[in-house]
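Worksheet: one structure, shown below.
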Amino acid sequence: MSDNTGPGRGKPVECWLTDMDGVLVHEEQALPGGADFIRALQTHQRRFLLLTNNSIFTARDLQARLRRSGIDVPEESIWTSALATAQFLADQRPRGSAYVIGESGLTSALHDVGFVLTERDPDYVVLGETRTYSFEAITRAIRLIDRGSRFIATNPDATGPSAEGALPATGSFAALITQATGVKPYFVGKPNPLMMRSALNAIDAHSESTVMVGDRMDTDVVAGIEAGLRTILVLTGSTKAEAVDRFPYRPTRVLDSIADVVPLVGEFAPAPV
């Protein structure tokens, strides 16, 4: 895949980043072309990472869930907002401390980088996604931030999907805490290009030879653009075709689904489009 416009103009594509939900899977069911896309990356020996703002699950958990849907990827090829958050905090304050609202994906990531999880004067309050937000935990977070703890959140997504409809997610509870404290969090996950940069570093990739595939203009595409990547929007998730022109930025390509991306994986340096 090559193109005439934007960053990486004319550069051959060597590495791929892709979102998971809405691109490869939907409600734990593989989308058409999802497994073929991963096989094509492996066949052509392209370096790749699967990115997700979901901080609930560990990479191992997500690997198992993907395998059940028929998509087989190595654990080390999955990069979550929890892992990106842990890496960021370890760089900022090695072996620091945090009060965490979240699940095993986030707590395990912080433990693995040497952070201590505590309710007593932590360096950070770290807000992630959970299905069991509690009034008690939110109140404790508010009081700790009022006493000086720094406020970090894994991602700004206001809602998440479920079989019954939308669920309030990290961004909604971050707004609640901000309203109570007057302190805004630093969001690490998409659309912060920091998550893209950390993913690029994880696979030793360069922005000019990497493509980001996603289903959301306001997270996947804008984060890719700001990180200097070429971007592909697929129309199997959040952003629909009629909404693309409403945004002040555009992806490099808009395709119907990940199945349409599969043939591009083998094109190392085709003619410009």
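The values are calculated or read from the model by the stated rules, or taken from the named source; none is laboratory data. Keep in mind that what you see is a predicted model, and the values were worked out from it rather than measured. Cβ: placed from backbone, ideal geometry, glycine included. Neighbour counts: every protein chain shown.
Scoring Ala166 on the criteria (1) under 18 Å from Arg216 (Cα atoms); (2) among the aliphatic types (A, V, I, L, M); (3) in contact (Cβ under 8 Å) with a residue 40 or more places away in the chain leaves a single failure, condition (3).
Within the stretch 69-113, the set of residues being hydrophobic (A, V, I, L, M, F, W, C), part of a helix (DSSP H, G or I) and within 16 Å of the chain's Cα centre (by Cα) comprises Ala82, Leu83, Ala84, Ala86, Phe88, Leu106, Ala109. Only residues that are within 21 Å of Ala169 (Cα to Cα) and surrounded by fewer than 21 Cβ atoms within 10 Å (Cβ to Cβ) were counted across the stretch 63-87, and they come to 1.
For the stretch 15-41, a residue qualifies if it is assigned to a strand (DSSP E or B) and either within 27 Å of Leu167 (Cβ to Cβ) or modelled with pLDDT under 95 (or both), and the qualifying residues are Leu17, Thr18, Asp19, Asp21, Val25, His26, Gln29, Ala30. When Gly182 is tested against (1) over 28 Å from Asp260 (Cα atoms); (2) in contact (Cβ under 8 Å) with a residue 40 or more places away in the chain; (3) not hydroxyl-bearing (Ser, Thr, Tyr), exactly one condition is not met: (2).
Taking the stated definitions as given, is Phe187 over 17 Å from the mean Cα position of the chain (by Cα), buried (at least 19 other Cβ atoms within 10 Å of the Cβ) and closer than 28 Å to Ile145 by Cβ? No. Quick check on my filter: what residues within the stretch 233-247 are of a type in the set (A, V, I, L, M, F, W, C) and surrounded by 12 or more Cβ atoms within 10 Å (Cβ to Cβ)? Within the stretch 233-247, Leu233, Val234, Leu235, Ala243, Val244, Phe247 meet the criteria.
Candidates in the stretch 22-79 are the residues that are touching a residue at least 60 places away in the same chain (Cβ under 8 Å) and charged (D, E, K, R); of these, the one that is nearest to Pro263 (Cα to Cα) is Asp36.
If you take the residues in the stretch 137-159 that are within 19 Å of Ala169 (Cβ to Cβ) and not β-branched (Val, Ile, Thr), which one is surrounded by the fewest Cβ atoms within 10 Å (Cβ to Cβ)? Once the filter is applied, the top-ranked residue is Ala158. Only one entry of Arg230, Arg250 meets the criterion of being modelled with pLDDT of 95 or more and either crowded, with 18+ Cβ neighbours inside 10 Å or under 26 Å from Thr58 (Cβ atoms) (or both), and that entry is Arg230. Scanning the stretch 169-212 for residues that are closer than 22 Å to Gly102 by Cβ, in contact with a strand residue (DSSP E or B) (Cβ under 6 Å, 6 or more places away or on another chain) and of a type outside the set (A, V, I, L, M) gives Thr170, Pro185, Tyr186, Phe187. Does Gly114 satisfy the criteria of being at pLDDT 95 or above, of a type in the set (Gly, Ala, Ser) and surrounded by fewer than 16 Cβ atoms within 10 Å (Cβ to Cβ)? Yes, satisfied.
If I go through the stretch 74-102 residue by residue, how many of them are charged (D, E, K, R) and touching an Asp or Glu at 6+ places or on another chain (Cβ under 7 Å)? The total comes to 1.
Being free of Cβ contacts under 8 Å to residues at least 24 places away in the same chain, part of a loop (DSSP other than H, G, I, E, B) and over 17 Å from Arg60 (Cα atoms) is a property that Arg131 lacks. Taking the stated definitions as given, is Glu164 out of contact with any helix residue (DSSP H, G or I) (no Cβ under 7 Å at 6 or more places or on another chain) and modelled with pLDDT under 95? Yes, satisfied.
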